[in-house]
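> My structure is below; once you've seen it, I'll send some questions.
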Amino acid sequence: MYNERHKIAKTERGVKTRNDLSMNKQIELLRGLAILAVVGVHTTMFFVGTVTTWLTFTNLYLDVIFHYAVPLFVAISGYVMAMKYYRDFDFKHFYVRRLGNILPPYLLASLLFYVLPNVYIYKTGSTAGEILYKLLTFSTEIHFWFFIIILELYLVYPLLLKIYNFLVKRWGLKLTLLLFGLVQIVSSVFLTGTDIFLKDIFYFILGLSLKLYQDAIYVALQKISGKILPGAVLLVSLWASFLWYKFYIVAREMVYMQIRGFVDMVLYSLIILWFFFLTRGQQVYKNKLSAFVGGVLGKYSFGIYLIQMCFIMACYHVLTGLSISNVDVIFYPLLFVSALGLSLLCAYLVHKLPYGELLLGRVRE
């Protein structure tokens with residue numbers, strides 16, 4: 001009898017270990033997809049100022065698509081929170097660990113890769129007070145606003161989890177998602193120009209739900225994963241691109257951007273669902289490309305995110321020095337590949353150093 005119970009317990013532990021490994025691989029693959037989009041969106045931003053040609057429209061469309069990066073990262077955060085901090089957990093340990101994972105790398109990377117080059121290379125003449133203000137407001141570089149959203153979500157997470165559970169128990173999952181979707185849309189319309197977690201709350205709740213109710217959600221996704229979901233992504237992305245075109249090229253009227261608040265939420269939610277569905281299961285590293293995206297880019301995604309703008313700007317200056325500008329087609333793939341490669345190489349080398357995780361965050365082995 002003991003031997004039978006022991007065999008059953010050992011089998012259950014083995015299944016749990018395999019499931020945990022599968023989920024970890026899935027999350028790393030999703031992080032890899034997200035960091036590709038981060039570098040992509042910061043590459044396509046150089047289309048601004050080009051003449052109105054097919055190159056402009058191509059970059060405009062890619063710019064819309066690549067903006068799934070932050071929504072996907074936020075959804076991943078919600079998923080991981082549900083995986084690690086759903087039942088009873090120690091608040092002090094939660095906040096110390098979450099803040100400790102973000103703040104030291106952010107501060108050190110900001111000083112080393114952005115503040116010091118600006119002061120000593122580009123001679124911006126920033127005072128100590130101005131530098132301190134930028135550090136405290138996460139404005140040393142344009143992409144650091146993301147950390148404000150994540151930190152806010154971490155701070156309110158225990159309360160947010162209680163509200164979420166209450167609403168699901170009272171109204172069900174569909175109405176709960178609809179309510180958080182409405183909150184995000186309203187926040188995007190009326191809180192423009194502010195970095196507040198409410199403008200990305202739906203993506204976080206979607207990630208949370210994908211972990212807590214994954215079986216029910218995946219069963220529903222199986223019915224539309226073939227052609228309907230990719231087709232919906234294509235149609236909605238074209239709609240969002242049209243609105244971006246109307247705002248950027250035709251007339252800078254805020255109504256186009258306000259409508260995009262709704263359209264973007266639909267688009268990036270569809271992309272999140274599609275990516276989570278495609279990467280589910282134990283065989284997420286099906287080929288060398290997915291193994292590289294997940295096992296390499298996903299592994300170093302946090303470090304790459306911190307430093308990629310530094311290398312994008314450095315590569316931009318090198319390319320323009322070689323007379324390759326943003327009106328040349330070759331400019332964009334060269335910038336993307338070189339910036340991504342250098343960022344990955346730097347993250348890899350830094351993590352080989354003692355206490356490298358303090359500079360560019362932890363690497364998941």
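The values are calculated or read from the model by the stated rules, or taken from the named source; none is laboratory data. Source: prediction; values computed, not measured. All Cβ positions, even for glycine, are placed from backbone atoms using ideal geometry, and neighbour counts span all protein chains on display. All accessible areas refer to the heavy atoms of the entire protein, side chains included, with ligands and DNA or RNA removed. Shrake-Rupley method; radii C 1.70, N 1.55, O 1.52, S 1.80 Å.
> Output wanted: per-residue J couplings in Hz (rounded whole) for segment 167-183, from phi through Karplus 6.51 cos²θ - 1.76 cosθ + 1.60, θ = phi - 60°, x for Gly and Pro.
5, 5, 5, 7, 10, x, 5, 4, 5, 5, 4, 4, 5, 5, x, 5, 4
> If you build the Cα gyration tensor of segment 194-251 and take the root of 5 times each eigenvalue, what three semi-axes come out, in whole angstrom, biggest first?
29, 21, 4
> Local charge sum around residue 165 (other residues, Cβ-Cβ under 15 Å, Lys/Arg +1, Asp/Glu -1)?
Within the 15 Å Cβ shell, the charges total +4.
> For 195, 63, give me the order by solvent-accessible area with a 1.4 Å probe, most accessible first, ignoring ligands, DNA and RNA.
If we order 195, 63 from most to least accessible, we get 195, 63.
> I'd like the orientation of helix 201-212 relative to the chain: the angle between its Cα long axis and the longest Cα principal axis, in ° from 0 to 90, rounded to 10.
Once rounded, the angle reads 30 degrees.
> Let me ask something else. Whole Å is fine, so just give me how far the alpha carbon centre of segment 66-110 lies from that of segment 119-191.
If we compute the Cα centre of each part, the gap is 12 Å.
> Could I ask something else about it? Would you work out what percent of the accessible area of the chain, with all protein chains in place, is carbon or sulfur (probe 1.4 Å)?
Carbon and sulfur atoms account for 67 percent of the accessible area of the chain.
> With the radius of gyration and the Kirkwood radius both derived from the Cα set of the chain, what is their ratio Rg to Rh? Before the final figure, lay out each step's value.
Numbers: Rg = 21.6 Å, Rh = 22.1 Å.
Ratio of gyration radius to Kirkwood radius: 0.98.
> Quick check for me: using +1 on Lys/Arg Cβ and -1 on Asp/Glu Cβ, what's the dipole size of the chain about its Cα centre, in debye to the nearest 20?
In debye, rounded to 20, the chain gives about 1320.
> At 7 Å along the Cα-to-beta-carbon direction for both residue 91 and residue 324, put a label point, then send me their distance in nm to one decimal.
Here the answer is 5.4 nm between the modelled labels.
> At 10 °C and 1.306 mPa s, grab the translational diffusion coefficient of segment 152-245 from Stokes-Einstein with a Kirkwood Rh over Cα pairs, rounded to a whole number in µm² per second. Let's see the in-between values first.
Values: Rh = 15.1 Å.
D = 105 µm²/s.
> Using the Cβ atoms and a cut-off under 9 Å, what net charge is assigned to the surroundings of residue 110, where Lys and Arg are +1 and Asp and Glu are -1?
Taking every Cβ under 9 Å from that of residue 110, the sum is 0.
> Also: I'd like to check one number: the per residue accessible area of segment 139-288, probe 1.4 Å, reported in Å² as a whole number.
For segment 139-288, the per-residue accessible area is 52 Å².
> Another question, then. Please list 362, 170, 31 from largest to smallest accessible area, probe radius 1.4 Å, with all protein chains kept in place.
I get 170, 362, 31, largest accessible area first.
> Let me ask something else about it. For the residue pair residue 220 and residue 45, what label-to-label distance in nm results when each label sits 7 Å from Cα along the Cα-to-beta-carbon direction?
In this crude spin-label approximation the distance works out to 3.5 nm.
> With respect to the cross-link table entries 25/352; 162/211; 174/211; 211/299; 134/299; 174/199, which display a Cα-Cα separation exceeding 24 Å? It would help to have the intermediate numbers written out before the result.
On the way: 25/352 22 Å; 162/211 16 Å; 174/211 15 Å; 211/299 20 Å; 134/299 28 Å; 174/199 19 Å.
In this structure, 134/299 exceed 24 Å between Cα atoms.
> For the chain, take the longest principal axis of its alpha carbons; what is the angle in degrees between that and the long axis of helix 69-84, to the nearest 10 within 0 to 90?
Between the helix axis and the principal axis of the chain, the angle is about 30 degrees.
> Same structure, new question: What percent do you get for the relative contact order of the chain when only Cα pairs under 8 Å and 6+ apart count?
This gives 31 percent for the chain.
> Now for a separate question. Where the Cα atoms of segment 205-292 are projected onto their three principal axes, how long is each span, largest first, in whole Å?
That works out to 48, 30, 22 Å along the principal axes.
> Quick one: which of 296-305, 266-275, 152-161 comes out on top by average Cβ neighbours within 10 Å, and what's the full order, highest first?
296-305, 266-275, 152-161
> Quick one: the Cα spread of segment 79-192 along its three principal axes, in angstroms, biggest first?
58, 36, 20
> Suppose only helical runs count, i.e. DSSP H with n ≥ 4. What mean residue ellipticity at 222 nm does that imply for the chain under -39500 (n - 2.57) per run, divided by all residues and rounded to the nearest 500 deg cm²/dmol? Write out the running numbers ahead of the final one.
Numbers: 16 runs with 265 residues, N = 365.
One gets -24000 deg cm²/dmol as the mean residue ellipticity at 222 nm.
> Please work out the average accessible area per residue across segment 303-365, using the 1.4 Å probe convention, and give it in Å².
51
> Here's something else I'd like to know. Charges on Cβ only, +1 for Lys and Arg, -1 for Asp and Glu, centred on the Cα centroid of segment 134-286; of 164, 145, 237, which one is farthest towards the dipole's positive end?
164
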